[in-house]
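One structure is given here, and the rest of the page talks about it.
The values are calculated or read from the model by the stated rules, or taken from the named source; none is laboratory data. This is a predicted model, so every value here is computed, not measured. We place every Cβ from the backbone using ideal geometry, glycine too, and count neighbours over all the protein chains shown. Protein only, heavy atoms only, side chains kept; ligands, DNA and RNA dropped before computing areas. Shrake-Rupley method; radii C 1.70, N 1.55, O 1.52, S 1.80 Å.
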Amino acid sequence: MNNSVLFGGLPRSGITLLASMLCKDKNIYVTTTSPFVEVLWRNYSIWNDPEYSGDFSTENMKQARLPFLLALTEAYYMQLTDKPIVIDKRRQWQSVINMEMYREIYGFLPKIICPVRSVTEILTSYKVLYKANGTKLNYERLKSNMFEASYYDLVEGYRKYPECFLLVEYNDLVDKPETTLERVYKFIGVDMPKQDFSTVVASEYEGDYGIKGLHTLRNTLSKDTSDPRQVLTKEEFEKFSSWDFWR
């Protein structure tokens, strides 16, 4: 099983869309939002936990660490799919600490597919979504993994290990799907099969975390045309228009 490619990115940037496109491939399985990075971290870090230092002090236990983590990886994904290529989807993969954990366990840095989008468009999408849910977006909620934590993880990871990332612009994915998918498949390292881009169907149900429509896909390949200048305040637009660090 090949799990050397991971899925990160920014929210509201086509992560669910691109994952569903890739899952049409008979050889590729992209997880829904996955807890595996946390499962891996907890098992990885306990070896260095002072509370358990005596338990892991013998030479046998020290040597068992990496084989155990590799076997854990294989066992985890075997429960999810029998497809030969697994792409684990979680934005926390793009943090430097998790990338370096990955390198220590598997012997090389990961390759991470990262859908991105103008930050003003991301905030516009969130505002429109919250309005559809009958509530108002409080930016304080976005100072977590809903946006800011993922954003700063990507900034730090991309600046330290730029060679690990494939940034996929949301607008390119929607406007030029075939060309964009060719870049993604080249990054994965396999040939791209013929795809039907006329319809989009989620491969698995993704939880909405209490926000209806958070991971809902349109039936056809299209994008929200809301204008950030019309949806955001002047202050919001001016503040976040400079956040597109990859441009």
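May I ask you to list the residues in the stretch 220-238 that are surrounded by fewer than 16 Cβ atoms within 10 Å (Cβ to Cβ) and either at pLDDT below 60 or assigned to a helix (DSSP H, G or I) (or both)? First the steps, then the outcome.
Filtering the stretch 220-238 for residues surrounded by fewer than 16 Cβ atoms within 10 Å (Cβ to Cβ) gives 220, 222, 224-227, 229-230, 233-235, 238.
Matches in the stretch 220-238: Arg229, Gln230, Lys234, Glu235, Glu238.
Of the residues that sit in the stretch 197-219 and are on the phi > 0 side of the Ramachandran plot and open to solvent by less than 80 Å² (accessible area, probe 1.4 Å), which one is modelled with the lowest pLDDT?
By that ranking, first place goes to Gly213.
Residue by residue, here is whether (1) over 21 Å from Thr16 (Cα atoms); (2) without any contact (Cβ under 8 Å) to a residue 12 or more places away in the chain holds:
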site: Ser95; (1), (2): no, no
site: Met99; (1), (2): yes, no
site: Ile105; (1), (2): yes, no
site: Ser118; (1), (2): no, no
site: Thr124; (1), (2): no, no
site: Ser144; (1), (2): no, yes
site: Tyr170; (1), (2): no, no
Could you count how many residues in the stretch 98-117 are under 18 Å from the mean Cα position of the chain (by Cα) and open to solvent by less than 50 Å² (accessible area, probe 1.4 Å)? 12
Exactly one condition in (1) surrounded by fewer than 19 Cβ atoms within 10 Å (Cβ to Cβ); (2) under 30 Å from Val231 (Cα atoms); (3) of a type in the set (Val, Ile, Thr) is not met by Thr120; state its number. (1)
Among (1) open to solvent by less than 60 Å² (accessible area, probe 1.4 Å); (2) hydrophobic (A, V, I, L, M, F, W, C); (3) under 23 Å from Pro35 (Cβ atoms); (4) in contact (Cβ under 8 Å) with a residue 24 or more places away in the chain, Val155 falls short only on (3)
Taking the stretch 26-61 and keeping residues surrounded by fewer than 19 Cβ atoms within 10 Å (Cβ to Cβ), in contact (Cβ under 8 Å) with a residue 12 or more places away in the chain and not hydrophobic (A, V, I, L, M, F, W, C) leaves Lys26, Asn27, Thr32, Thr33, Pro35, Glu38, Asn43
I'd like to know if the stretch 147-156 contains one or more residues that are more than 22 Å from Asp244 (Cβ to Cβ) and of a type in the set (Phe, Trp, Tyr). no
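Would a scan of the stretch 86-93 turn up a residue that is open to solvent by 30 Å² or more (accessible area, probe 1.4 Å), modelled with pLDDT of 90 or more and not polar (S, T, N, Q)? Working first, answer last.
Residues of the stretch 86-93 that are open to solvent by 30 Å² or more (accessible area, probe 1.4 Å), as a first pass: 90-92.
Subset that is modelled with pLDDT of 90 or more: 90-92.
Retained after the next criterion (residues that are not polar (S, T, N, Q)): 90-91.
Yes, that holds for at least one residue.
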Given Pro162, Pro193, which one is at negative phi, open to solvent by 40 Å² or more (accessible area, probe 1.4 Å) and touching a residue at least 24 places away in the same chain (Cβ under 8 Å)? Pro193
Within the bounds of the stretch 124-139, is there any residue that is within 20 Å of Gly14 (Cβ to Cβ) and open to solvent by 70 Å² or more (accessible area, probe 1.4 Å)? yes
Of the conditions (1) modelled with pLDDT under 95; (2) under 25 Å from Ser226 (Cβ atoms), Lys194 clears all except one; give me its number. (2)
